[in-house]
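First the structure, in the form of structure tokens, and then the observations on it.
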Amino acid sequence: MNEISGPMYYNGVYHEFYQYNPDGAFDPNDSLMNMVWGHSVSTDLINWIGLEPAIKPDIPSDICGCWTGSATILFGVQPVIIYTGLIDRKANQVQNIALPKNRSDPYLREWAKVGSNPVIQHVIPGLNSSHFRDPTTGWIGPDGLWRIAVGAEVNGIGTALLYKSEDFMSWTRIERPLYSNNALNMWECLDFFAVVPGSNNGLDMSSEIPSGAKHVLKVSINSCDMYIVGVYDLKRDEFVPDTVQDDNRLWTRIDYGTFYASKSFFDSKHGRRVIWAWSNETDSYSDDIAKGWAGIHSIPRTIWLDGDGKQLIQWPVEEIESLRINEINHQGLELKKGDLFEIKGIDTLQADVEIDFEPTSIDDAETFDPSWLFDPRKQCREADASVHGGIGPFGLVILASDNMEEHTAVHFRVYKSEQKYIILMCSDLRRSSLRPGLYTPAYGGFFEFDLENEKRISLRTLIDRSAVESFGSGGRICITARVYPVALVDDDGAHMYAFNNGSTTVRVPQLRAWSMKRAQVNVMKGGSV
Ligand code: DQQ
């Protein structure tokens, strides 16, 4: 499977539709021609029931595949899916609509395509018709009309085309796009949502958006999910970024690891916005064929905008804590240069770890070089966990074999840049496994941190065997990684450590860790798994 398509909360049930390849774990032509919409439901975002696919290719306007799209709940009662259909084997794309056959079925198992499909076709000069896809969730304007954006490449430029409709069925394109930027070409899986700076209450895009709200445009391209914060100019129906860098390597990322095509939705049960994404395998295709599956979805995260109005914050939904068991707790540890503290007493292959680091002095931060911002992964390779620093590296070593031949390091290093501090967070997979044929980069990203006032740098890492999801500084920076250590396959128990390799001693005021119970994942309705 690949990404989540059309997540929604409707009548007490969460729906997760997703791109699913019925032909197997590996698509030899990488053409994704037969994709269907897989469908799972949950009441807590943690335990899932698998259902039959909701949408399959069977009409001329999706005959070669049902690609990504969104769900919108019209006036709180009528769910509608709008998705991309492939009309031929050249992957030319149009947009289609499907409605639930029976709204009183709590799981909305069956969906019917409307007779007027395709509801949107590619008729714009300069549009690359095989790059015209992934319609967003709808939102309503002050004129009462619905809007959606569709990702496209127009004359080689990445564009969010804007469409308007009275009834969500018949659509007219607004000549001016919602936004376009030549820093990138095709934009996949656009997401557009409103946020109030400093508030973790989510906003429903189908309701009135309060004044003072900001808007976020997320684009997916080249395995990266990037976002821009700005305002939505209602008069011009245009997204206006607060700032945008010409060089897309400097765009802020939702997650700096294997986390792609993310999608958010408004969760009316808890009044929050939830985002999650596809994390692809980074093992080999033959491994995928042997396993019989490929691709997972990250743990859903609550997402909101920091009080500074610039940075999105993400944190695993609180329901994940229902899986925590066997808590262990340490307070007042001190890690001097070279110290390694073993975290024992939990299942290190399936764990949730929360740890705070407090450097005892801020004097020894090394000088930051702004050119590093273009390639944080290079900095993670060059200044890795074994390279002594001033403040840091400190962090966690996880999934480590007895002799450390295999291990994954998730760590921070603090730099001084004129009057501010900039932290590099890395998730370094280069020694994660002895197995050949794996993709094992050192992922990394930078973030600004008010070290003088905040003092503590937090790290939370959720480990679910091959999935390692790390949240730095309360969710200001996230890195998802996939690892395949031999120790994991053999199930002979891996080690976990907190470490410091910087000359500044680091206090650990609080370290809490849990084993995680197994969630029910895609238990098929009717008993089989
Ligand atoms: N995957 C879908 C497309 C989308 C891409 C096809 C992103 O709709 O653009 O499975 O991973």
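Points worth noting:
- Fully extended contour minus Cα-Cα distance, from K235 to E452, at 0.36 nm per residue: 73.9 nm
- Potential extension, D242-S268 segment - 0.36 nm per residue separation minus Cα distance: 6.5 nm
- With eigenvalues of the C-alpha gyration tensor scaled by 5 and rooted, the chain, Å: 39, 26, 21
- Gyration tensor verdict on the range 285-390 (Cα atoms; rounded if a/c is under 1.5, prolate if a/b is larger than b/c, oblate otherwise): rounded
- Spin-label pair N222/M404, simplified geometry with 7 Å Cα→Cβ offset, distance in nm: 3.5 nm
- Whole-number percent relative contact order across the range 3-318, with pairs defined as alpha carbons under 8 Å at least 6 apart: 13 percent
- Heavy-atom surface of the chain, accessible at 1.4 Å and reported per residue (Å²): 40 Å²
- Calculated on alpha-carbon atoms, Rg and Dmax of the range 3-318 in Å: 18.2, 55
- The listed peptides 91-103, 256-268, 370-382, ordered by packing as a protection proxy, come out as 256-268, 91-103, 370-382 (highest mean of other Cβ atoms within 10 Å first).
- Using C-alpha pairs below 8 Å separated by at least 6 residues, the relative contact order for the chain is 13 percent.
- For the pair the range 431-473 / the range 152-228, the C-alpha centres are spaced 29 Å from each other.
- Inter-part distance where the range 93-132 and the range 269-336 are each reduced to a Cα centre, Å: 31 Å
- Percent carbon-and-sulfur accessible area, the range 324-516, ignoring ligands, DNA and RNA, probe 1.4 Å: 44 percent
- Counted charge near M496, where neighbours are those whose Cβ lies closer than 12 Å (Asp, Glu -1; Lys, Arg +1): -2
- Only one residue of I457, G475, I299 has its Cα farthest out toward the positive end of the dipole of the chain, where Lys and Arg carry +1 and Asp and Glu -1 on Cβ, and that residue is I299.
- By average C-beta atoms within 10 angstrom, highest first, the peptides 331-339, 6-14: 6-14, 331-339
- Normalised contact order of the range 324-516, rounded percent, pairs of Cα under 8 Å and 6 or more residues apart: 41 percent
- Shape class of the range 170-228 from the alpha-carbon gyration tensor: oblate, with a/c at 1.5 or above and b/c at least as large as a/b.
- Applying the Kirkwood pairwise sum to the alpha-carbon positions of the range 1-43 produces a hydrodynamic radius of 11.3 angstrom.
- Helical runs assigned H by DSSP (4 residues or longer) give the chain a calculated mean residue ellipticity at 222 nm of -1000 deg cm²/dmol, each run adding -39500 (n - 2.57) before division by the residue total.
- Magnitude of the charge dipole, the chain, Cβ model with Lys/Arg +1 and Asp/Glu -1, debye to 20: 760 debye
- The trypsin sites (Lys or Arg not before Pro) of the range 395-449 that DSSP puts in a loop, and whose beta carbon has at most 15 other beta carbons within 10 Å, are R430.
- Of the GluC sites (Glu not before Pro) found in the range 205-284, those that fall in a DSSP loop while having at most 14 other beta-carbon atoms within 10 Å are E208.
- The coefficient of translational diffusion for the range 324-516, derived via Stokes-Einstein from the alpha carbon Kirkwood radius under 25 °C and 0.890 mPa s, stands at 149 µm²/s.
- For the range 2-24 versus the range 61-84, the spacing of their alpha-carbon centroids is 11 Å.
The values are calculated or read from the model by the stated rules, or taken from the named source; none is laboratory data. Since the structure is predicted, the reported quantities are computational estimates derived from the model, not experimental observations. Virtual Cβ from ideal backbone geometry, glycine too; neighbours counted across all protein chains shown. Keep in mind that these areas ignore ligands, DNA and RNA; they rest on the heavy atoms of the full protein, side chains included. Shrake-Rupley method; radii C 1.70, N 1.55, O 1.52, S 1.80 Å.
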